[in-house]
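**Q** Sharing a structure below in structure tokens format, with a few things to ask.
A short reminder: the numbers here are calculations on the coordinates, not readings from a lab. Quick caveat, the model's predicted, so the values are computed rather than measured. Positions of Cβ are generated from backbone atoms using ideal geometry, with glycine treated the same way; all protein chains shown enter the neighbour counts.
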Amino acid sequence: MILRSGIDTIEISRLEEIQPNIRKRFIARVFTSEEIAQARDRSEVLSGLFAAKEAVSKALGTGIGYVSWRDIEILHLRSGQPVVQLHGNAEKVANHLGLETWTVSISHDRNKAIAVAVAVGG
């Protein structure tokens, strides 16, 4: 069995303090259209998604670079549960490593967002 994990945290204020025009470009570069729609421009949600993407990239062992931000998509089910969907290079790396099942947990308070990602494979 293969088991990989990653964790990340971010201060929510980092996203809130970005100038509006830069924030808009940053959001478009980092998040998919579905993530943007689900987050509805809420800084705490976007920060949690950002931390989750970082955590997944760490579990892949790549960080962000070869695997791009939008290769990792974090969506929420109707229940609120976040789920991981991999695309492009992230999917290729996961397949190469034999990682088949992903779970992610996201939490935030007034100041910080944190996420943990775990992947298992055969």
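**Q** Sticking with the crude label model, points 7 Å out along Cα→Cβ, report the distance from N21 to S33 in nm, one decimal please.
**A** 2.5 nm
**Q** Taking only DSSP H segments of four or more residues, each worth -39500 (n - 2.57), what value at 222 nm results for the chain once the sum is divided by all its residues, to the nearest 500 deg cm²/dmol?
**A** -12500 deg cm²/dmol
**Q** Now a separate question. Which of the lysines could a cross-linker span from K58 if the Cα-Cα distance has to be under 20 Å and same-chain partners fewer than 8 positions apart are dropped?
**A** By straight Cα distance, K58 reaches K92, K112.
**Q** For the chain, what is the charge dipole size about the Cα centre, in debye to the nearest 20, if Lys and Arg each add +1 at the Cβ and Asp and Glu each add -1 at the Cβ?
**A** For the chain, the charge dipole is close to 180 debye.
**Q** Let me ask something else about it. I'd like the Karplus ³J(HN,Hα) series for the stretch 3-20: coefficients 6.51, -1.76, 1.60, θ = phi - 60°, whole numbers in Hz, and an x wherever there's a Gly or Pro.
**A** With coefficients 6.51, -1.76 and 1.60, one gets 9, 10, 9, x, 9, 7, 9, 8, 7, 4, 4, 4, 7, 5, 8, 6, 4, x Hz.
**Q** Then there's this: Please compute, for the alpha-carbon atoms of the chain, the extent along each of the three principal axes and give them in descending order in Å.
**A** 44, 26, 24
**Q** Same structure again: What does the highest-first list of 24-31, 113-120 look like by mean Cβ count within 10 Å? Could you put the intermediate results ahead of the total?
**A** Working: 24-31: 14.8, 113-120: 21.8.
The peptides rank, most packed first, as 113-120, 24-31.
**Q** Continuing with this model, one more query. Quick one: Karplus J couplings for the stretch 78-92, per residue in order, coefficients 6.51, -1.76, 1.60, θ = phi - 60°, nearest Hz, x for Gly and Pro?
**A** 4, 6, x, 5, x, 10, 9, 10, 9, 9, x, 5, 4, 5, 4
**Q** May I ask you to order 68-78, 44-54 by the average number of other C-beta atoms within 10 Å around their residues, highest value first?
**A** Ranked by mean Cβ neighbours within 10 Å, highest first: 44-54, 68-78.
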